[in-house]
1. Modelling each spin label as a point 7 Å along the Cα-to-Cβ direction, I'd like the Ala344/Gln224 distance in nm, to one decimal.
2. Show which lysines lie in cross-link reach of Lys311 when reach means a straight Cα distance below 23 angstrom and same-chain residues fewer than eight apart are skipped.
3. Using 20 Å bins from zero, what percent of all Cα-Cα pairs in the chain falls into each bin?
4. For the residue pair His373 and Gln414, what label-to-label distance in nm results when each label sits 7 Å from Cα along the Cα-to-beta-carbon direction?
5. Hey, any idea what the orientation-averaged projected area of the convex hull of segment 266-368's Cα atoms comes to, in nm²?
6. As a check on your grasp of the helix formula, calculate [θ] at 222 nm for the chain: sum -39500 (n - 2.57) over DSSP H runs of n ≥ 4, divide by the residue count, round to the nearest 500.
7. Using the beta-carbon distance between Asn213 and Ala393 and R0 = 45 Å, what value does 1/(1 + (r/R0)^6) give for FRET efficiency, to the nearest 0.05?
8. In what sequence, highest mean first, do 422-430, 233-241 appear when ranked by Cβ atoms within 10 angstrom?
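Read-outs throughout are calculated quantities, based only on the coordinates presented, and are distinct from any laboratory measurement. Model, not experiment: these values are computed from the prediction. Quick reminder, even Gly has a Cβ in these numbers, built from the backbone with ideal geometry, and neighbours come from all protein chains shown.
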Amino acid sequence: MASFSQCRRPFTGLAGLAIVAATTLTATTTSSVATAAMHPAIGSSPQYRVEGHVSSDPQATTFSCQTTTPATCYGPAQIRAAYGTDKLIDRGVTGAGRTIVIIDAFSSPTIQQDLGTFNTLFGLPSAPLNIIAPDGLTPFDPNDDNQVGWAGEITLDVEWAHAIAPAAKIDLVLAKSNDDADILSATRYAVKHDLGDVISQSFGEAEQCMDPNLLKQQNQLFKQATAKRMTLLASSGDDGAAQPTCDGTSLIKAASTPASDPNVTGVGGTELTADGTTGAYQSEKVWNEPDLPGSGGGGFSAVYRTPNYQKALHLPSRGVPDISYNAGVDTGVLTVWSTSGQGANLVFRFGGTSAGSPQWAGIVALADQLGHHRQGALNDRLYAFAHGFLYQALFHDITVGNNTEENITGFTAQRGWDAASGIGTPQVNRLVPLLAATH
């Protein structure tokens, strides 16, 4: 049976998981189809450098990786400032009254505790986190690298969706395994029961590796979701223009599903340069870190034709990503995670396009609150904005870098949309009010 698991080239350690532990806390007062597998789209080989636990000192809020030049990690305050989310939160636009649905597999038994610690560490309010296992919860096995990888994915998704929309409710819907059919079953439950306003999916695999019947069912389910005006987001992958082969032994040039589905907004990756203390935005380029290796997923579908919202671009087929967000490991986000096997209450630096999907889900929740209605499918409006005179005011157009990885030639950033960074990254304080005012 095909499965959503770490379908990656061989290496030692946690499969499919790109995590870099945060540097030491500084006490300052600054605030093949048969074997196909979906995997957390957060990089390749693990990069653990655990240097400290969460400090008991409430004044210790700055990490050493934030004080380098340039900064190599960011907390919630810095990411909010860099993308303009802070300006909306300061006005009370916090996602109140909205629900973010996060689809993941297996479980993390410490997620409630880790979220609470994350909130205390970064001065965030608490918000409801509901854990739903429609097909039963698989007992967590700390010796199973696959399950540990998904526990890290769960942690990243929940904490950073909350960081962007701190008053939104989060429904964490857990599949019993990462088999394609099990992931689809969990997603079907979320759609059938209309659990929330926006669904985040931080996983993917080559389109060619998903059973065609399941791929068709997934497309039909996504149509049902958008008919309910649910917004669908998915990470575009972490192997550049490639995806792992179905047996995980090498790479092939391919687009990632579910990001490539026309009903989904695919989220690619960038490397953000911003002030590590104030979060002041400086620049971005396409995420591409050869030393990992890891780079932002992007390319053209082998399944779906060019959708209407991309017709003006004259693409050969459905192109991904649609938009992007910070994904660099050396520009990663700080996350509290206790089920890594390295110890409890450790702060890690997470990278990869998995970081972007839940944060974009938070952005959508802000627009839902401000507009008093669900946003539904985003792509028609996003591309209309990108073709209009407000483009430069709404997005950071990424024009530097490419997503070539190893021997797979990728795509180069250019003005406007490209298959390395999509339309670009959001200027949230300007984009959200426009989304809220439109349907």
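1. Inter-label distance under the simple model: 4.1 nm.
2. Leaving aside lysines fewer than 8 places away in the same chain, those within reach of Lys311 are Lys216, Lys223, Lys253.
3. 30, 63, 7
4. Calculated label separation equals 3.7 nm.
5. On the way: hull surface 38.6 nm².
Answer in nm², one decimal: 9.6.
6. Counting only the DSSP helices, I get -7500 deg cm²/dmol.
7. Numbers: r = 44 Å, r/R0 = 0.98.
Between Asn213 and Ala393 the formula returns 0.55.
8. Descending packing order for the listed peptides: 233-241, 422-430.
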